[in-house]
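> Here it is, the structure in full.
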Amino acid sequence: MSEGAVKKEEKPRKFQAIRGTRDLLPPETALWNRVEQTAHEVFGTFGFGEIRIPIFEPTELFARSIGEETDVVSKEMYTFVDRLEKLPDPPTLGDYGAFIEQAEKLMATEELPSVPGNRLAIERMKRIWDRGNVFGTEGESPIEKIDSAVLEELYKMVVLKDSMELGQSISLRPEATASVCRAYIEHNMQQLPQPVKLYYMGPMFRRERPQKGRYRQFYQIGAEVLGGSDAPAIDAEVIEMVMTFFDRLELQGVQLDINSIGCRECRPKYVELLRAELLKVKDKLGPDSQRRIETNPLRVLDSKLESEQGIIATLPRIADHLCEDCAAHYAAVKRQLEMRGVIYRENWRLVRGLDYYMRTTFEITAQGLGSQNAVCGGGRYDGLVELLGGPPTKGIGFAIGEDRLVLSLTHHKPVPQRRAIDVVLAWLSPAAYTKAVDIARNLRREGIYVELPAKLMRAGDAVRYADRIGAFFTLMIGEDELKSGELTLKHMLRQEQIKITETSLVDHIKKRRELKEAQ
Ligand code: AMP
């Protein structure tokens, strides 16, 4: 038995999708496509262009932008070391000069991780090398003839070379904002007319505890506005765009919450005030909140614990502690939303615990989602591009959870049925097959949905098959049809059968289909 073959009595293992991931199947995928198509259309009308970013990035990008302390970065990322195939050996026994040069080049392109250990190794190798090319070349000096001092130097070089970390730590993206900002910097988009308006859609990965509406591979549709000003009109238009999108999809029970969390000037003062007030009631809070008094008091406001709600209601509110500029910005955003007919609710407890977020934050919830009812979260992050090594840049964006969006859409409206096949095209004799393939091609070119059975069928079987898959018509070609040039078309619902020429076939099918769709 060849290796890998399975013993007769052993059943091969059945595989299942990994926990927290899932297959999206037809007909539901048609709804996903409709959602995505609507996003392309609506975002396009607001002047946004699509960006496609990689699924994985250097871990450092997420650590720096989202924050080392957050759950997402500290616990939930799928991180692994991407191994370099091999660091090229010195071309000849002693030619570490070329090796050092190569290693430095790889480090510059991040192919070799630029970690302190590697930098130190190269530095030390250089020092040894700079003492003079003591090794000679492989051909000249057989190893046993090299003197012990040189051998020692060589040995040091080998140890240093082997101590180098070859892999770069990379992570599957847990969100896309960091990547979009990275791309903005990498492609010098600050030189384009500002602001740059980009949207994206695709899978994200977080090792969260799976439950309804929460997956480990989930999909987001998001947009970012980068550069230009931080005019309140931009915040309002971004929010208006999401609401327009949801409206176009007829999402039910949409609730928009907004807040302002101030800036680097006023927020720290508020956070201190909040911390002081929380310390006074510390004993009445649960362990999570108690811990957060120190680490991130704003997160206490997120608490869903029933017993803490009464206490939280009495805490100072950030809206009362905004600096003049932030207060004016927030007031203007609200005015702008009203002007655009966007209905919102102010929610002073809506905070984002990450340092780079500032001023406007918002969240949108929808029907039928249970406890995971947020379909969209967003906010302003004026410091982020700079934090990632770019120029000072204003920024605002949002991310919609597509899984939850689809879940909510199907909650009040069943998943649309699979688009029915128009025609089962049965060939009743081997000689008719070529003709059938030909007709199928012509019909499909006209946008007609054709099922061409792979095997010869009898007329009765073809009709039964068409009935089972819910086709509108059975089209039959046999010896008689080939001779007469007229095809047999059976209308499945009416149970009537006609003879039809190939030229009038397309019109006839399309007309019937329209009639059916209009019903
Ligand atoms: P965030 O990037 O955490 O602000 O999330 C933005 C939106 O993505 C949320 O409002 C959710 O709709 C969605 N989302 C976040 N995490 C998950 C997840 N694990 N599974 C499904 N959807 C998620």
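The values are calculated or read from the model by the stated rules, or taken from the named source; none is laboratory data. This structure is a prediction, so every number in the text was calculated from the model and none was measured. Cβ: placed from backbone, ideal geometry, glycine included. Neighbour counts: every protein chain shown. These area figures cover heavy atoms from the full protein model, side chains too; ligands, DNA and RNA do not enter into them. Shrake-Rupley method; radii C 1.70, N 1.55, O 1.52, S 1.80 Å.
> Do any of Lys435/Lys455; Lys75/Lys282; Lys14/Lys212; Lys413/Lys516 go past 19 Å between their Cα atoms, and which?
Violating the 19 Å Cα-Cα cut-off are Lys75/Lys282; Lys14/Lys212; Lys413/Lys516.
> What is the spin-label model distance, in nm, from Ala327 to Arg444 if the labels are put 7 Å beyond Cα along the C-beta direction?
So the two model labels end up 6.8 nm from each other.
> Any idea what the relative contact order of the chain is, in percent, if you count C-alpha pairs under 8 Å spaced at least 6 apart?
Reported relative contact order: 14 percent.
> What share of Cα pairs, in percent, lie more than 13 angstrom apart in the range 20-70?
So the pairs more than 13 Å apart make up 74 percent of the total in the range 20-70.
> Find the cysteines in the chain that fail to meet the 4.7 Å Cβ criterion with every other cysteine, and list them.
Lone cysteines by the Cβ rule: Cys181, Cys263, Cys326, Cys376.
> Hey, what did the range 378-463 get for relative contact order, percent, Cα under 8 Å, at least 6 apart?
Dividing the mean separation by the residue count of the range 378-463 yields 23 percent.
> Calculate log10 I(q)/I(0) of the chain for q = 0.10, 0.13 Å⁻¹, where I(q) comes from the Debye formula with a single equal point scatterer on each Cα and nothing for solvent.
Log-scaled intensity ratios, in q order: -0.96, -1.21.
> Would you work out if the range 428-468 is rounded, prolate or oblate? Take a ≥ b ≥ c from the square roots of the eigenvalues of the alpha-carbon gyration tensor; rounded if a/c is under 1.5, else prolate when a/b is larger than b/c, oblate otherwise.
oblate
> I'd like to know how the range 72-134 sits against the 2.2 N^0.38 Å rule of thumb: what's its Cα Rg over that expected value?
Scaled against compact globular proteins, the figure is 1.41.
> Which of the lysines could be linked to Lys156 by a straight reach, that is with a Cα gap under 20 Å, when you skip same-chain ones fewer than 8 residues away?
Partners found: Lys86, Lys126, Lys145.
> Could you work out what % of the accessible surface of the range 257-410 is carbon and sulfur, using a 1.4 angstrom probe and leaving DNA, RNA and ligands out of the count?
49
> Taking each full run of DSSP H in the chain as one helix, which ones are at least 20 Å long along their axis (Cα atoms) and have mean Kyte-Doolittle hydropathy of at least 0.0?
148-163, 232-248
> For the pair Glu306/Arg248, report the inter-label distance in nm, with labels modelled 7 Å from Cα in the Cβ direction.
A separation of 4.2 nm, rounded to one decimal place.
> Now a separate question. Can you tell me the relative contact order of the range 202-277? Whole percent, Cα pairs under 8 Å, sequence separation 6 or more.
15
> To the nearest 10 square angstrom, what accessible area does Asp23 show with a 1.4 Å probe?
About 120 Å², rounded to the nearest 10.
> Further, regarding this structure: With a/c under 1.5 counting as rounded, go ahead and sort the range 205-337 into rounded, prolate or oblate using the C-alpha gyration tensor (a ≥ b ≥ c being the square roots of the eigenvalues; past the cut-off, prolate if a/b is larger than b/c, else oblate).
Taking the square roots of the gyration eigenvalues as a ≥ b ≥ c, the range 205-337 is oblate.
> When the Cα atoms of the range 336-470 are enclosed in a convex hull and the volume is divided per residue, what value in Å³ results?
244
> List the lysines whose Cα lies under 21 Å from the Cα of Lys511, skipping any in the same chain that are fewer than 8 positions away.
Lys490, Lys499
> Still on this structure, please answer the following. P(r) for the range 147-206: what percent of alpha-carbon pairs falls in each 10 Å bin, starting at zero?
Pairs per bin, as whole percents: 16, 25, 18, 14, 15, 10, 2.
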